[in-house]
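> Sharing a structure, written as structure tokens. Questions coming.
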Amino acid sequence: MTNTKIPGVSFSLKRAIGVTKLKRLFTQKTGIPTTKVGIERKIGGMIINAIFKK
């Protein structure tokens with residue numbers, strides 16, 4: 001749905017209905033990332049901190 005066949009113009013259904021905003025607000029309030037990479041980084045950081053007791 002992101003390609004409208006017009007160069008420079010795109011459409012996102014998730015942004016149109018507000019899913020992106022809700023995910024962003026959730027992340028800001030709780031500090032829990034909603035992306036796969038963000039979750040992996042957070043878990044990895046927790047493991048490193050547990051090993052080295054930072």
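The values are calculated or read from the model by the stated rules, or taken from the named source; none is laboratory data. Please read these numbers as outputs of a predicted model, since none were measured by experiment. Heads up, the Cβs are rebuilt from the backbone with ideal geometry, glycines too, and the neighbour counts pull from every protein chain shown.
> Within segment 25-54, which residues are within 29 Å of Arg15 (Cβ to Cβ) and either touching a residue at least 40 places away in the same chain (Cβ under 8 Å) or not in a helix (DSSP H, G or I) (or both)?
Correct list: Gly31, Ile32, Pro33, Thr34, Thr35.
> So Gly18 fits all but one of (1) on the phi > 0 side of the Ramachandran plot; (2) exposed (fewer than 10 other Cβ atoms within 10 Å of the Cβ); what number is the exception?
Going through the list (1) on the phi > 0 side of the Ramachandran plot; (2) exposed (fewer than 10 other Cβ atoms within 10 Å of the Cβ), Gly18 breaks only (2).
> Just the residues that are assigned to a helix (DSSP H, G or I) and β-branched (Val, Ile, Thr), please, taken from segment 1-24. Break it down into steps so the answer makes sense when it comes.
Kept after step one, since they are assigned to a helix (DSSP H, G or I), are these residues of segment 1-24: 13-17, 19-24.
Matches in segment 1-24: Ile17, Val19, Thr20.
> I'd like the residue in segment 1-19 that is at pLDDT below 90 and β-branched (Val, Ile, Thr) and, out of all such residues, is nearest to the chain's Cα centre (by Cα).
Thr2
> Then there is this: Pairs, please: C-beta under 9 Å, at least 6 apart or cross-chain, first residue in contact (Cβ under 8 Å) with a residue 12 or more places away in the chain and in segment 7-23, second exposed (fewer than 12 other Cβ atoms within 10 Å of the Cβ)?
Final answer for the pair search is Leu13/Met1; Leu13/Thr2.
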